[in-house]
1. Please list, or write none, the lysines whose alpha carbon is within less than 18 Å of the alpha carbon of Lys107, excluding same-chain residues fewer than 8 places away.
2. Return the sequence-ordered ³J(HN,Hα) values of segment 110-115 in whole Hz as given by the Karplus equation 6.51 cos²θ - 1.76 cosθ + 1.60 applied to θ = phi - 60°, using x for Gly and Pro.
3. What does the C-alpha gyration tensor say about the overall shape of segment 67-131? Classify as rounded when a/c is under 1.5, otherwise prolate if a/b is larger than b/c, or oblate.
4. Can you run phi through the Karplus equation (6.51, -1.76, 1.60; θ = phi - 60°) for segment 59-75 and list ³J(HN,Hα) in whole Hz, with x for Gly and Pro?
5. State in Å² the accessible area per residue of segment 64-116; use a 1.4 Å probe, count heavy atoms of protein chains only, and round to the nearest integer.
6. How large is ³J(HN,Hα) for each residue in segment 130-139, as worked out from phi by the Karplus curve 6.51 cos²θ - 1.76 cosθ + 1.60 (θ = phi - 60°), to whole Hz, x for Gly and Pro?
7. Please report, as a whole percent, how much of the solvent-accessible surface of segment 54-109 comes from carbon and sulfur atoms (probe radius 1.4 Å).
8. Identify which of the listed values of Cα extents along the principal axes in Å was calculated from the structure shown: (1) 80, 37, 22; (2) 53, 36, 33; (3) 43, 29, 26.
Amino acid sequence: MRQACACMLQEAAHNFPLMVHISASIGKDHYKTTLSNGRGHANLADEPQDLGGSDQAFAPDEFLASALAACGIITMRMYADRKEWPLEKIEVDVEFEREGAVSKFTKRVRFTGNLDEEQQQRLLSVGDKCPVHKTLSNPIEISSVLI
């Protein structure tokens, strides 16, 4: 996720297009899915047992919430480092709820370090401008193509 977010920051800063490619494969295991990004990184996705999976990895919705958490926290770390602020640690908890057609993310952010209230609020605002946050906040187009 780190490299994708760095690319996304470059896109936001320089108006360059971004293309991320993820491949997924599933066999007969309920519902264990292998994911790869083409750069040698692989991951698993699965569903919890109560949904018929074997609970061996994050569920797809957990990956979605993780993308928001990771991109926001990386964006805040980059900003604090650039400003040379005394930020020791950032912790983010994301809750994702879906009620009908409405999807709701709640981020809880905790900073450790000698930051004043203004710096903390600025970092919170910067985290809300991360590319994944922007993507999830704007219209999304999805097309499926048979190959």
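1. Lys89, Lys129, Lys134
2. 10, 10, 10, x, 8, 10
3. Working: a/c = 2.60, a/b = 2.24, b/c = 1.16.
Since a/c reaches 1.5 and a/b is larger than b/c, the shape of segment 67-131 is classed as prolate.
4. Per-residue couplings from phi come out as 7, x, 5, 5, 5, 4, 5, 5, 4, 5, 5, 5, 5, x, 5, 5, 4 Hz.
5. Working: 3320 Å² over 53 residues.
Result: 63 Å² of accessible area for each residue.
6. Going residue by residue, I get 5, x, 5, 4, 4, 4, 6, 8, 10, x Hz, with x marking Gly and Pro.
7. 48 percent
8. (2)
The values are calculated or read from the model by the stated rules, or taken from the named source; none is laboratory data. As the structure is a computational prediction, the values presented were derived from the model and not from experiment. Side chains are part of the model used for accessible areas, which takes the heavy atoms of the whole protein and leaves out ligands, DNA and RNA. Shrake-Rupley method; radii C 1.70, N 1.55, O 1.52, S 1.80 Å.
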